[in-house]
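Chemist: Here it is: the structure, laid out below.
The values are calculated or read from the model by the stated rules, or taken from the named source; none is laboratory data. Just so it is clear, the structure is predicted and the values come from calculations on it, not from any experiment. Note: ideal-geometry Cβ built from the backbone for every residue, glycine included; neighbour counts use all protein chains shown.
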Amino acid sequence: MQSLPFATASYTTQSATLPQFGRHIVARFDGATVVVYQAFNPLIASYAVEQGKFAGCPDFKLGRKTWVKPGFLWMMHRSGWATKPNQERVLAITLERTFFDEMLRQGAESLTIRAEGQKFPVQLQWDPDHKPDGSREVRRAIQIGLGGELGDKYARGIGIVKVVDVTEFVRAQSEYATTGQYDRLQVPLENVYKVADVNLAMSLGIDRVGKSDQGK
């Protein structure tokens, strides 16, 4: 059995605890760390798991923006449950919570400045979250594009606690996801992530909910 970096819950139980509307960062986290997801080809994935970083892998392009997703099901939609080309391996990347918060801080400007053609080293996007079958939720989820100095740090493993290949888990659950057996589908136990800095939360456009920020 694959060792996972997160607790799991049934999808039906999990979905009932999350907001149905608004903009929310939904993630697996605790007081010190936050889990994000990326999908890569086998060469990059194996290198990252072994080295705890991406820099140094021939297939990983330094200087190119790399996108991370705190929400598991958003990553499943993007990768087709680890079936799309160059996304056959899904990584759960545990980050220091302070590093994750810095990603949000540096990316907030990309949401508040709308000048045409403006480029930002760290870019945030709010997109519809997704159900297991790929259909859209009304709720919006965030994804984070890392470039510039912070992207370079991430590639070199700064801020990364560990990298775990969860492809085996993904493939085992994909059968239930694609056949609508949601009562059998297991997903990471995720909660609404509360941004402690009120001004930052406002800049991000996060909607308030009455939920604790304890991810355990």
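Yes/no matrix, rows are residues, columns are (1) in contact with a Leu (Cβ under 8 Å, 6 or more places away or on another chain); (2) in contact (Cβ under 8 Å) with a residue 60 or more places away in the chain; (3) hydroxyl-bearing (Ser, Thr, Tyr):
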position: 143; (1), (2), (3): yes, yes, no
position: 147; (1), (2), (3): no, yes, no
position: 153; (1), (2), (3): no, no, no
position: 157; (1), (2), (3): no, yes, no
position: 170; (1), (2), (3): no, yes, no
position: 178; (1), (2), (3): no, yes, yes
position: 189; (1), (2), (3): no, yes, no
position: 203; (1), (2), (3): yes, yes, yes
position: 209; (1), (2), (3): no, yes, no
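Chemist: Please enumerate the residues belonging to region 75-121 that are buried (at least 18 other Cβ atoms within 10 Å of the Cβ) and closer than 19 Å to residue 64 by Cβ.
Modeler: Hits for region 75-121 are 75, 78, 79, 87, 89, 91, 93, 103, 106, 107, 110.
Chemist: Here is a check on your reading of the model: is residue 127 touching a strand residue (DSSP E or B) at 6+ places or on another chain (Cβ under 8 Å), outside any loop (DSSP other than H, G, I, E, B) and more than 23 Å from residue 54 (Cα to Cα)? Spell out the reasoning first.
Modeler: Working: touching a strand residue (DSSP E or B) at 6+ places or on another chain (Cβ under 8 Å): yes; outside any loop (DSSP other than H, G, I, E, B): yes; more than 23 Å from residue 54 (Cα to Cα): yes.
In short, yes.
Chemist: Then there is this: Within region 54-69, how many residues are farther than 20 Å from residue 127 by Cβ and surrounded by 18 or more Cβ atoms within 10 Å (Cβ to Cβ)?
Modeler: 3
Chemist: For residue 81, all conditions in the list (1) farther than 17 Å from residue 174 by Cα; (2) out of contact with any strand residue (DSSP E or B) (no Cβ under 7 Å at 6 or more places or on another chain); (3) assigned to a loop (DSSP other than H, G, I, E, B) hold save one; what is the number of the exception?
Modeler: Tallying (1) farther than 17 Å from residue 174 by Cα; (2) out of contact with any strand residue (DSSP E or B) (no Cβ under 7 Å at 6 or more places or on another chain); (3) assigned to a loop (DSSP other than H, G, I, E, B), residue 81 fails exactly one: (1).
Chemist: Related question: Failed condition for residue 132, given (1) touching a Leu at 6+ places or on another chain (Cβ under 9 Å); (2) more than 28 Å from residue 46 (Cβ to Cβ); (3) part of a loop (DSSP other than H, G, I, E, B), with all others met?
Modeler: Against the list (1) touching a Leu at 6+ places or on another chain (Cβ under 9 Å); (2) more than 28 Å from residue 46 (Cβ to Cβ); (3) part of a loop (DSSP other than H, G, I, E, B), residue 132 comes up short only on (2).
Chemist: Among 102, 149, 116, 137, which is the only one that is on the phi < 0 side of the Ramachandran plot and modelled with pLDDT under 95? Spell out how you get there, then give the answer.
Modeler: Details: 102 fails: modelled with pLDDT under 95; 149 fails: modelled with pLDDT under 95; 137 fails: modelled with pLDDT under 95.
Just a single option satisfies the conditions, and that option is 116.
Chemist: Shifting gears a bit: Could you say which residue among 21, 29 is on the phi < 0 side of the Ramachandran plot, surrounded by 21 or more Cβ atoms within 10 Å (Cβ to Cβ) and not hydroxyl-bearing (Ser, Thr, Tyr)? Give the derivation first.
Modeler: Details: 21 fails: surrounded by 21 or more Cβ atoms within 10 Å (Cβ to Cβ).
Result of the check over 21, 29: 29.
Chemist: Please state which one of 124, 150, 146 is under 29 Å from residue 12 (Cα atoms) and either surrounded by 19 or more Cβ atoms within 10 Å (Cβ to Cβ) or of a type outside the set (Lys, Arg) (or both).
Modeler: Working: 150 fails: under 29 Å from residue 12 (Cα atoms); 146 fails: under 29 Å from residue 12 (Cα atoms).
Only one candidate passes the filter, namely 124.
Chemist: Residue by residue through region 160-195, note down the ones that are in a loop (DSSP other than H, G, I, E, B) and either surrounded by 20 or more Cβ atoms within 10 Å (Cβ to Cβ) or of a type outside the set (Gly, Ala, Ser) (or both). Step through it out loud before you land on a result.
Modeler: Taking region 160-195 first, the residues in a loop (DSSP other than H, G, I, E, B) are 166, 179-185, 189-190, 193-195.
Hits for region 160-195 are 166, 179, 181, 182, 183, 184, 185, 189, 190, 193, 194, 195.
Chemist: Shifting gears a bit: Within region 32-51, how many residues turn out to be in a loop (DSSP other than H, G, I, E, B) and either crowded, with 16+ Cβ neighbours inside 10 Å or over 17 Å from the mean Cα position of the chain (by Cα) (or both)?
Modeler: Going through region 32-51 one residue at a time, the tally reaches 1.
Let's see how each residue does on (1) farther than 15 Å from residue 27 by Cα; (2) of a type outside the set (Gly, Ala, Ser); (3) within 18 Å of the chain's Cα centre (by Cα):
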position	(1), (2), (3)
99	no, yes, yes
148	yes, no, no
154	yes, yes, yes
157	yes, no, yes
161	yes, yes, yes
164	yes, yes, yes
185	yes, yes, no
191	no, yes, yes
197	yes, yes, no
